[in-house]
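First the structure, in the form of structure tokens, and then the observations on it.
The values are calculated or read from the model by the stated rules, or taken from the named source; none is laboratory data. From a predicted model like this one, the values you see are computed outputs, not experimental measurements. Cβ placement follows ideal geometry from the backbone for every residue including glycine, while neighbour counts extend to all protein chains displayed.
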Amino acid sequence: MSRTQKVLEQDGLRYMPNFPLFPERASTLAGHVDALYFFLVALTLVFSVAIALGIAILAIRYRKERQPKPIQVEGSLALELTWTIIPLGITMVIFIWAAAIYFYETRPPKGAMEVYAVGKQWMWKFEHVEGQREINTLHVPLGRDVRMIMTSQDVIHSFFVPAFRTKADVLPGRYTSVWFRATKTGRYHLFCAEYCGTQHSGMIGEVVVMDPADYQQWAQSGTDGSLASFGEKAFQQYGCAMCHRADTQGRGPNLVGLYGKQVLLDDGRTLSADETYIRESIMNPGAKIASGFKNIMPTFEGQISEEEMVALVAYVKALGNGMANPPAPVANPDNGVYPVTPNKEPSMAAPNQQKSAPIQPKPSGK
């Protein structure tokens, strides 16, 4: 139990300890955010005091002049330059400082540990690359960079850990990313900072920061396989291997090594194959067609849960670093039917193993 949760007793009276003015600093980002915040507070106080003093001095000095005679005042170039350049300089300092913190927070270092998060009314679901799954509790190791890859199953949520000074919107239909490095072991509050429905206030959890050895032991206990292995099962279950083969005979792009590469589209554009691109290519294949391929892939919108989508994305990413088996060559059916198993009930477990039901490909696809 944390210090703020302990109920103390004294002289027969029960009372809570005083709450700190600011949350505890427990990440490398916290000091940068606090420094900017204190600068803004100090700047506000300086100008507030200066304006208040100016009003008081002028009110006292001219209190007896009830109907002062107007005097023609000529413009002053020096004065106008002063009240233009100084505020501009102050605002540029704030902008550059805040932009530096934003880029620092949104650009994780190479080799950062990845954790997938799915926001849902009204809970947080976390999936570790090692295969661990959690609800409303996130375990991370001390002193290691952690990249959160987040999406929403329903409405807009916001991932907020006050002790880390980390906050990012979690949006349906796409992935957002933020990272942090914890500097103290302990348990820290996790909130949804975006109103998301009637039980928004109950969408809370905690981040548990552990010593690296304890985390390693925790991560290796009670798993049935890595997240990429679940994605491989879903990849075979939904018939993806029929077209996305590891050789040159597939009717779809070869996914081995795709993640992080530049993809040339049929309209001449080039983009990076990140998590959002992979997700969109599954849910809305016709949105961005890879150059050299036809628009024949059926949409899987409404048939794949967010948990299965996360596993598929992890599998495609693992294909590029040798952490997953490449798709085994599977002959394409002569009638062009793609086997798809609808999954109506999102689950934190591995993809179900029921038999596939064939559907005809829709006209939107890759």
Is it true that some residue in the range 224-240 is under 26 Å from Ser27 (Cα atoms) and in a loop (DSSP other than H, G, I, E, B)? no
Just checking, does the range 175-195 include any residue being part of a loop (DSSP other than H, G, I, E, B), of a type in the set (Val, Ile, Thr) and under 24 Å from Glu308 (Cβ atoms)? no
Residues of the range 54-112 being touching a residue at least 60 places away in the same chain (Cβ under 8 Å) and among the polar types (S, T, N, Q), in sequence order, are Thr106
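Table: residues versus (1) surrounded by 15 or more Cβ atoms within 10 Å (Cβ to Cβ); (2) closer than 30 Å to Ile289 by Cα; (3) at pLDDT below 85; (4) not assigned by TED's automatic domain parsing to the domain that holds Ser305.
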{"position": "Met203", "(1), (2), (3), (4)": "yes, no, no, yes"}
{"position": "Glu206", "(1), (2), (3), (4)": "yes, no, no, yes"}
{"position": "Val209", "(1), (2), (3), (4)": "yes, no, no, yes"}
{"position": "Gln217", "(1), (2), (3), (4)": "no, no, no, yes"}
{"position": "Thr248", "(1), (2), (3), (4)": "no, yes, yes, no"}
Please work out which residue is farthest from the chain's Cα centre (by Cα), limiting yourself to the range 196-223 and to residues that are part of a strand (DSSP E or B) and of a type in the set (A, V, I, L, M, F, W, C). Met210
Which is touching a residue at least 60 places away in the same chain (Cβ under 8 Å), among the basic types (Lys, Arg) and closer than 28 Å to Asp214 by Cα, of Arg174, Arg165? Arg165
Among the candidates Tyr116, Tyr62, residue that is hydroxyl-bearing (Ser, Thr, Tyr), surrounded by 10 or more Cβ atoms within 10 Å (Cβ to Cβ) and in contact with a Pro (Cβ under 8 Å, 6 or more places away or on another chain): Tyr62
When Glu301 is run through (1) in contact (Cβ under 8 Å) with a residue 40 or more places away in the chain; (2) surrounded by fewer than 19 Cβ atoms within 10 Å (Cβ to Cβ); (3) under 17 Å from Gln153 (Cα atoms), the failure sits at (1)
Taking the residues in the range 304-316 that are closer than 14 Å to Ser226 by Cβ and among the small types (Gly, Ala, Ser) as candidates, determine which candidate is surrounded by the fewest Cβ atoms within 10 Å (Cβ to Cβ). Ala311
Output the number of the condition that Ala26 fails; it satisfies all remaining conditions of (1) touching a Gly at 6+ places or on another chain (Cβ under 8 Å); (2) exposed (fewer than 10 other Cβ atoms within 10 Å of the Cβ). (2)
Sole exception among (1) surrounded by 16 or more Cβ atoms within 10 Å (Cβ to Cβ); (2) assigned by TED's automatic domain parsing to the domain that holds Glu307; (3) touching a residue at least 40 places away in the same chain (Cβ under 8 Å) for Gly260, by number: (1)
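Table: residues versus (1) in contact with a helix residue (DSSP H, G or I) (Cβ under 6 Å, 6 or more places away or on another chain); (2) surrounded by fewer than 23 Cβ atoms within 10 Å (Cβ to Cβ); (3) of a type in the set (A, V, I, L, M, F, W, C); (4) assigned by TED's automatic domain parsing to the domain that holds Ala311.
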{"residue": "Arg144", "(1), (2), (3), (4)": "no, yes, no, no"}
{"residue": "Arg147", "(1), (2), (3), (4)": "no, yes, no, no"}
{"residue": "Gln153", "(1), (2), (3), (4)": "yes, yes, no, no"}
{"residue": "Ser158", "(1), (2), (3), (4)": "no, yes, no, no"}
{"residue": "Phe164", "(1), (2), (3), (4)": "no, no, yes, no"}
{"residue": "Lys167", "(1), (2), (3), (4)": "no, yes, no, no"}
{"residue": "Leu171", "(1), (2), (3), (4)": "no, yes, yes, no"}
{"residue": "Phe180", "(1), (2), (3), (4)": "yes, no, yes, no"}
{"residue": "Lys184", "(1), (2), (3), (4)": "no, yes, no, no"}
